[in-house]
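Here, each number is a calculation from the coordinates, and none is a lab measurement. As the structure is a computational prediction, the values presented were derived from the model and not from experiment. Cβ placement follows ideal geometry from the backbone for every residue including glycine, while neighbour counts extend to all protein chains displayed.
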Amino acid sequence: DVKVTQSSRYLVKRTGEKVFLECVQDMDHENMFWYRQDPGLGLRLIYFSYDVKMKEKGDIPEGYSVSREKKERFSLILESASTNQTSMYLCASSSRQGVGEQYFGPGTRLTVT
Amino acid sequence: GESVGLHLPTLSVQEGDNSIINCAYSNSASDYFIWYKQESGKGPQFIIDIRSNMDKRQGQRVTVLLNKTVKHLSLQIAATQPGDSAVYFCAEKAKGYSSASKIIFGSGTRLSIRP
């Protein structure tokens, strides 16, 4: 069974803290994605990666960075967390050809106080 | 789940009836469309996809219809069951993007089932 795991289900951080969200997939997928999900806004793409050490900005990259040192792991970094980054963060992966068929992790609910 | 303050289109259907969830898209360059299902507390799950050279595709109890003339996509669920309760998202990918490029998700429709 395919699996995408995220390091935490719930996280509470203070304004200004550096936050790391980790995502691991076991499907040997080339593509990995980070989204945030907010009420009524659907899923918005923050960053994606199509290969190790490669990354591209999505629709809302400001305030975020990413790291992909290994194929199975994609990290989202909030350099200095702010309250407007309180959200549900979803990681996904897909094969190179199957960009539309993405496999999602369970999400991390981040609260910044 | 995370429904506090959530303002989604909603659809309420009697158990056993068919459900039709609609989605409009604006980019005429989109050539690939996908439906996802998100149950409470979980990440979205792929249901079915369709390419722009088709107008209908069927899966197990689900059918996706694509009308390119009016830029409309629908998901039909036959004999709706309690397990179908979820938020359903349509998504699109524009032609010309690389295979690794992004897809764009709609805001979702919440389907609830009446017993």
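Give me a comma-separated list of calculated 3J(HN,Hα) values for the range A:84-93, in order, Karplus coefficients 6.51, -1.76, 1.60 applied at θ = phi - 60°, integers in Hz, x for any Gly or Pro.
Using θ = phi - 60°, the values come out as 6, 9, 5, 5, 9, 10, 10, 9, 9, 9 Hz.
Going down the list A:Lys18/A:Lys55; A:Lys3/B:Lys71; B:Lys71/B:Lys102; A:Lys57/B:Lys68; A:Lys18/B:Lys37, which pairs span over 22 Å between their C-alpha atoms?
Beyond 22 Å between Cα atoms: A:Lys3/B:Lys71; A:Lys57/B:Lys68; A:Lys18/B:Lys37.
Quick one: work out the % antiparallel among DSSP beta bridges in chain B, nearest 5.
Roughly 85 percent of the DSSP beta bridges within chain B come out antiparallel.
Which aspartates and glutamates have a Cα lying under 17 Å from the Cα of A:Lys13, excluding residues fewer than 8 positions away in the same chain?
A:Glu22, A:Glu79
Could you list B:His72, A:His29 so that the one with the fewest beta carbons within 10 Å of its beta carbon is first and the one with the most is last?
With the sparsest Cβ surroundings first, the list reads B:His72, A:His29.
Around A:Met54, under 15 Å between beta carbons, what's the net of Lys plus Arg minus Asp minus Glu among the other residues?
+4
Please list 3J(HN,Hα) in residue order for the range B:25-40, calculated via the Karplus relation 6.51 cos²θ - 1.76 cosθ + 1.60 where θ = phi - 60°; whole Hz, with x for glycine and proline.
10, 10, 8, 5, 7, 5, 10, 8, 9, 9, 10, 10, 10, 10, 7, 4
What spacing in nm lies between the two simple spin-label points modelled at B:Ser112 and A:Lys53, each 7 Å away from Cα in the Cβ direction?
Here the answer is 5.2 nm between the modelled labels.
Just need the Rg to Rh number for chain B, please, alpha carbons only, Kirkwood Rh.
Ratio of gyration radius to Kirkwood radius: 0.97.
Most exposed first by the Cβ proxy, i.e. fewest other Cβ within 10 Å, how do B:Tyr36, A:Tyr89 rank?
A:Tyr89, B:Tyr36
Considering only DSSP beta bridges with both partners in the protein assembly as shown, what is the antiparallel share in %, to the nearest 5?
Looking only at bridges with both residues in the protein assembly as shown, the antiparallel portion is about 90 percent.
Using the Karplus curve 6.51 cos²θ - 1.76 cosθ + 1.60 with θ = phi - 60°, work out ³J(HN,Hα) for each residue of the range A:96-107 in order, rounded to whole Hz, and write x for Gly and Pro.
4, 8, x, 4, x, 9, 9, 9, 9, x, x, x
What residues qualify as long-range amide H neighbours of B:Asp17, i.e. H under 5 Å apart, gap of 5 or more or another chain, H built at 1.01 Å from N?
B:Thr80
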